[in-house]
Structures are given as C-alpha cells and as structure tokens.
1. Once the other residues with Cβ under 15 Å from the Cβ of residue 123 are scored (Lys, Arg +1; Asp, Glu -1), what is the net sum?
2. What length, rounded to one decimal in nm, is gained on full extension from residue 106 through to residue 92, with 0.36 nm per residue of separation minus their alpha-carbon distance?
3. Please work through the chain and write down the cysteines that have no neighbouring cysteine Cβ at a distance under 4.7 Å.
4. Let a ≥ b ≥ c be the square roots of the eigenvalues of the Cα gyration tensor of the range 1-50; is it rounded (a/c under 1.5), or, if not, prolate (a/b larger than b/c) or oblate?
5. Compute the distance in nm between two label points, each set 7 Å from the Cα along the Cα-to-Cβ direction, one at residue 23 and one at residue 65.
6. Taking K and R as +1 and D and E as -1, what net charge do the other residues with C-beta under 13 Å from the C-beta of residue 77 add up to?
7. For the chain, what is the Kirkwood estimate of the hydrodynamic radius, computed as the reciprocal of the mean inverse distance between distinct Cα atoms, to one decimal in Å?
8. Set the Förster distance to 22 Å, then compute FRET efficiency between residue 133 and residue 83 from the Cβ-Cβ distance, nearest 0.05.
Amino acid sequence: MKSVKATLTVKGQVTIPKVVREHLQLKNGDVLLFDIKKGEESKEVFIKKEENRECCVCQGSGKMASKVPCVICEGSGVEKRGTETAVYTLSRLTNKYKKDLGLNYQITSLEDGESTKMLIRLSSDQLPQETVQALEKYFQIRIDEEMVE
Ligand SMILES: [Zn+2]
C-alpha cells in the first residue's frame, strides 16, 4: 500500500490528495465515511466513499405522486445529502412546496430526563399518506443522526 501525505489545518481540515480523489472518483457533494478500526492500540482509520443510495422517500422512482417529482432526490431516484442540516432542509422544502403540495411540518421536543428527542410531524393535503410517512421517517432519521453528533 502506497502512502500519501496531507497536513491538517487549524480548522481541522485537510485537502484530500489528488491521487486519492482520483482513486475514489470523488466529486463535489460526495460523502466520505471514516471507519475507525476497532481496538485501543489501533491508529488506523479507513476512508471510503459513500455509495449512492436509492432514495428512501420515492424508492428510486423519482416521484412522490403521479405527477410530482420527489422533493428529496429532485426526481433523480438517488438520495444525495448536502451539507444542510435536516431542519434547514425541512424548512426550505416546506417553504418551497407549501403552496403546491400543502406541505407543513411541526417539531416537538420530548424530554425524557437526560436526553431530548426532536420529533418530526409532517402533513400534506396533496400527497399520499405513505409518502408523507416516508418523508417523516427520512427527516426523523437525519435529525436523530445529527443529535448524536
Ligand atoms: Zn426520491
């Protein structure tokens, strides 16, 4: 295995060396996964590219209803995540689609002593119920992931 170097900046950032970017065929917006090798002594971390996932809201069809393109994958059928937080994406999408899809959301925070859980509720008078539930589940998972970080 060949090693290449990259130096960490004060902000904790590195530029991924070109040879690595080419090897992983990275492009803007790609998500990297850092797998920490188990074991106390280990100082090894594996980096890999997150492979494209089928959009979980439209199941890869690119549509949320017969004539409505999926708002999550924008009709591509492939789920992509940018750098936005889940709540930001949620408010951006509901603002954009409030009129056309009747999309609205509510966030409730539940305290259970030690931790707080953010609970998402979505509603729409235009979309099928299962699509609304799929959207709700998608955002709930993202928010739960962000709360852990
Ligand atoms: Zn989709």
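1. That works out to 0.
2. Taking residue 106 through residue 92 to full extension adds about 3.7 nm, to one decimal.
3. If one checks each Cβ against the other cysteines of the chain, 56 turn up with nothing under 4.7 Å.
4. Prolate.
5. With each label point 7 Å from Cα toward Cβ, the separation is 4.9 nm.
6. Counting the neighbours of residue 77, the net charge comes to 0.
7. Computed over Cα pairs of the chain, the Kirkwood hydrodynamic radius comes out at 18.1 Å.
8. Plugging the Cβ-Cβ distance into 1/(1 + (r/R0)^6) gives 0.25.
Bear in mind these aren't lab numbers, they're just calculated from the coordinates by the rules spelled out. Owing to the predicted nature of the structure, the values given are computational and were not obtained by experimental measurement. Please note: Cβ atoms are built from the backbone with ideal geometry, for glycine as well, and neighbour counts cover all protein chains shown.
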